[in-house]
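S.K.: I have a structure here, written as structure tokens, and I will follow up with some questions on it.
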Amino acid sequence: MTLPETLSRRAMLMKLGLLFNGVVALALAVPILRYVLSPILRSRKTSYTDWLTVGSIDQFPAGQTRLATFRNPDVSQWDGKTADSACWVRRINENAFQVFAINCAHLGCPVRWFPQSGLFMCPCHGGVYYEDGSRASGPPERGLFEYPYKIEDGKLFIKGGELPTPGNPTALITIKGKLPCA
Amino acid sequence: MRLIQNIAAWFDARLQLGAPMRETLEHRVPRDTASWFYVFGSAALTVFALQVVTGILLALVYVPTAGEAWNSLQTLNHSIAFGWYIRALHGWGSNFMVAIVLIHMVQVFLFGAYKFPRELTWIVGVFLLLMTLGMAFSGQVLRFDQDAFWGIGIGASISSRVPVIGPWAVHLLLGGPIIAGATLSRFFALHVFVIPGLLIAFVSLHLLMVLKLGINEWPMPGRIVRKATYEKQYHELTEKDGVPFVPGAIYKDIFFSACILLALMLVAAYFGPFGPSGRPDPTIIQTVPRPDYFFLWIYALLSLLPPQMETPALLIGPVIVILALLLLPFIFGEGEKSWHRRPVAVLSILLIAVALGTFTSLADHAPWSPVMDAWSGDPIPPQYLQHRTALERQGALIFQLKQCRNCHSLGNEGGKRGPALDSVALIQTEDQLIRQVIQGGGNMPAYGKNLSPPEVTALVAFLRTLHPPNQTPAHNASRAVDNEVAPTPTSGKPE
């Protein structure tokens, strides 16, 4: 194979220079991309999937639904009050609970519990849910999001470290590795 | 004077910018374009410049952390001389900017300015509109109050619906699994570095093309744009009937820009800064988040679309709109420019304006939202309680206590989510009312589990009294023999 006659020494050097720059750019792009994508590519194990407590189960009388607040497991010092979250805890009987995310399953506004009518109502677009979190009316396509919970030593623990959204309703899927939809 | 001239000459010998600048300023434009219709682009640029200046001024004090942003806005509002005014200028400047960009866009659309050879100018303009809206949204986030906090939640919920990559998009948008410090920091970077940088680059391109291709001439009915002949015709027009841009056309731009700035200053001084509303504390749920003015129509749309339409509309709608705007100059790159000969163009603008206006005004009173405190705050009008039996009054009590009022109004007070019930007895028979209350339906929750049979009886007895005087409530004709639902003489509103 012969080189075309037009490829002079200088043009060749320029192309080599560009190629060299391309390699450097690629090497530079790796840490930059890794940095930008760090919220979704977690190499260090982050704590946001940890169990966190919303307090003793005694503060939730059976048959009632109460607001509980908790501090997120994965916080930085400058988060201020946004590191706190709230959830609705419904104690069905002695050992059965339902822990609902505060966020409406429509677009995430905070729903309010009305014990008299046994309904959750959303102030934004008018989503309404029954006391068991199932959809009653309005724009939501599904019931309220539920956090996984467990009881240990008389305390209620939940996995509430992630904002539940309609596209990610199960909350706390493992982002790394597996497709949530697959 | 001589000294100034010497200094200027010294600089020009080195910079050599004098001649090209003079050439740019004195380039000839068609005489008709020295018009008050051609001032919106320069006004948008003026407001953008003001946004840059006030933005830098705010950044002198603003603290872009989730924990302190809200406090630093309080400091700006209350503790620093004219801090409130700079905030007001920046906030209202944002509204002015969106409005002027939209008006500018309508004007160039109606004047056919997107046609050959200015297709790329239009396309860059479409990106400028998107960036302006991006600035408006990210600016609202930086205000970091309750509205901003839940507004990001809405943004996250929308992004999460993108197929496959949704969950990743949310984490990328929020900078983590929840709305917290990282979220505000990245919106700060977007609002202060990324989008403004792109805006400046795109505005420069936009302006460069206006200069290179010439301002769009005033459209005349019958003067058809053809790719083969347009540039020659335009050149002749500017030669024969042109004026130098400075001062022939620019004086109107200058006057209008000054008027816009003055109006902005007055509005900012009169109405003051936007918020901040309550602290961005996710545990405070007694909040009714509302978007800023230019996003109200989306808020209305999201409430009124049928649930199953929503995700497709949210994800496909913007793509279609943006594609339509980008393809417009390629599909209609030639032909008539004058709005006199483009009825579809004029009607499209009217339709879009009416639709956006309607949605915005609907969102202003949000009839789809339950009124969260109507059950405890709005009493039942007294005339609905006079001359009633004990059972009916008990029903009225249940009506309030079970939050029916949050969605149903009486005497025009209460929620508008469901129908007003002032004359519900005319429409539904007793059996229908009982069924509706117990089973719900038609967007109403079922109350069967939360009302005991006596409560339902009392509630329906009250609802049966809700009809105008002298009009008998609806009754089931097939059961009239049993006299079950014969209207009682005490029912109805007393005169």
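None of the figures in this text is laboratory data; all of them are computed from the coordinates on show. Note that the structure is a prediction, hence the values are computed from the model and not measured. Here the Cβ is made from the backbone with ideal geometry for all residues, glycine too, and neighbour counts use every protein chain on show.
S.K.: Pairs of alpha-carbon atoms within less than 8 angstrom and 6+ residues apart define the contacts here; what relative contact order does chain B have, in percent?
M.R.: After rounding, I find 18 percent.
S.K.: Here is a follow-up. Starting from the coordinates of the alpha-carbon atoms of the range B:32-176, obtain the Kirkwood hydrodynamic radius over all distinct pairs and give the value in Å to one decimal.
M.R.: Over the range B:32-176, the inverse of the mean reciprocal pair distance is 17.5 Å.
S.K.: Rounded to whole Å, give me the distance from the Cα center of the range A:89-119 to that of the range B:254-311.
M.R.: Value for the Cα centre distance between the two parts: 29 Å.
S.K.: How much length is gained on full extension from B:Leu198 to B:Tyr251, taking 0.36 nm per residue of separation minus their Cα-Cα distance?
M.R.: 16.2 nm
S.K.: Relative contact order for the range B:149-213: what is it in percent, counting Cα pairs under 8 Å that are at least 6 residues apart?
M.R.: After rounding, I find 17 percent.
S.K.: I've got another one for you. How large is the helix-only mean residue ellipticity at 222 nm for the protein assembly as shown, computed as the sum of -39500 (n - 2.57) over DSSP H runs with n ≥ 4, divided by its residue count, in deg cm²/dmol to the nearest 500?
M.R.: Using -39500 (n - 2.57) per qualifying helix, the result is -15500 deg cm²/dmol.
S.K.: Report P(r) for the range B:1-46: all Cα-Cα distances, bin width 10 Å, range 0 to the bin holding the largest distance, values in whole percent.
M.R.: 21, 31, 25, 23, 0
S.K.: Percentage of Cα-Cα pair distances in the range B:357-433 greater than 16 Å, rounded to whole percent?
M.R.: The answer is 56 percent, as a whole percent.
S.K.: How tilted is helix B:343-365 with respect to the longest principal axis of chain B? Cα atoms for both, answer in degrees (0 to 90, nearest 10).
M.R.: 50 degrees
S.K.: What are the aspartates and glutamates whose alpha-carbon lies under 14 Å from the alpha-carbon of B:Lys115, with same-chain residues fewer than 8 places away excluded?
M.R.: Cross-link targets: B:Glu217, B:Glu231, B:Glu334, B:Glu336.
S.K.: Another question, then. Calculate the tail of P(r) for the range B:40-126: the fraction of all Cα-Cα distances greater than 16 Å, expressed in %.
M.R.: 61 percent
S.K.: Also, quick follow-up: Going by the alpha-carbon gyration tensor, a ≥ b ≥ c the square roots of its eigenvalues, is chain B rounded (a/c under 1.5) or, if a/c is not under 1.5, prolate (a/b greater than b/c) versus oblate?
M.R.: It is prolate, given that a/c is not under 1.5 and a/b is the larger ratio.
S.K.: Note down the nm distance, to one decimal, between modelled labels 7 Å out along Cα→Cβ at A:Ala96 and at B:Asp373.
M.R.: Modelled inter-label distance: 3.7 nm.
S.K.: Ok, one more. Hey, what did chain A get for relative contact order, percent, Cα under 8 Å, at least 6 apart?
M.R.: Computed over chain A, the figure is 19 percent.
S.K.: How far is the Cα center of the range B:350-394 from the Cα center of the range A:25-87, in Å?
M.R.: Taking the Cα centre of the range A:25-87 as reference, the centre of the range B:350-394 is 39 Å away.
S.K.: Note the direction-averaged projected area, equal to a quarter of the hull surface, for the Cα convex hull of chain A, in nm².
M.R.: Taking a quarter of the hull surface, the average projection is 17.9 nm².
S.K.: Using only C-alpha positions, report the orientation-averaged shadow area of the convex hull of the range B:105-226, nm², one decimal.
M.R.: 9.9 nm²
S.K.: Still on this model: Using +1 at the C-beta of Lys and Arg and -1 at the C-beta of Asp and Glu, which of B:Ser478, B:Met372, B:Phe11 has the Cα lying farthest in the positive direction of the dipole of chain B?
M.R.: Checked the options; the winner is B:Phe11.
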